[in-house]
Amino acid sequence: MNNFRQFKMFKIIDRTINLFILFVFILALSSCATVNSTSISRDEIPTLSENKARIYFYRPSLFFGSGMKPPIFLSGNKVGISSSGTAFYVDVAPGKYNVSVDKILYPGDVGSVDFEVLGNEIVYVKTWIGGSSLAGITNFNLVSPETAEKEIKDLRFLRFNLAD
């Protein structure tokens, strides 16, 4: 009877180790996903047109979750990737918008925020990866221009070419 318990215990441990290895493998693959983007300098960012609004998305550089790069959606359209140490912007017509980010490893659990932008207005959306008991969760919120300008000054700016 004792050998049977030991066999059962080893089987459970083996299954747990295999699941852990699979989890690490999937996480490694997802962090290697490439996105068609180009680094740009702040000098390359054009001045805002009078009939447009600008939304900056940025993510401070942090070690935790640095390999996680969830897509960011603006009113249902993918506009970029939340990547550690980067920022990007989207020029839009004045109006109401919804920003959403899939929460990594939690299918269907999507965070979102609604807001309105006026002509010639600039809005800043900060993203970061927070922890949970199982995995990283993408968090985001609107921040003041004063706070955002301090936080994005040393970030790398990207321009995304999203054809899909």
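Take Val90 and tell me if it is within 23 Å of Arg42 (Cα to Cα) and either modelled with pLDDT of 85 or more or not in a strand (DSSP E or B) (or both). In short, yes. How many residues are among the small types (Gly, Ala, Ser), in a loop (DSSP other than H, G, I, E, B) and modelled with pLDDT of 85 or more if we restrict to region 38-74? The qualifying residues number 1.
If you go through region 97-133 and keep only what is modelled with pLDDT of 90 or more and buried (at least 18 other Cβ atoms within 10 Å of the Cβ), you end up with Tyr97, Val99, Val117, Val123, Tyr124, Val125, Lys126. Contact map, region 143-154: residues that are assigned by TED's automatic domain parsing to the domain that holds Ile55 paired with residues that are among the β-branched types (Val, Ile, Thr), Cβ distance under 7 Å, separation 6+ or inter-chain. Pairs shown: Pro145/Ile122.
The values are calculated or read from the model by the stated rules, or taken from the named source; none is laboratory data. Values in this document were obtained by computation on a predicted structure and should not be read as measured data. So basically every Cβ, Gly included, is an ideal-geometry build from the backbone, and we count neighbours across all protein chains shown.
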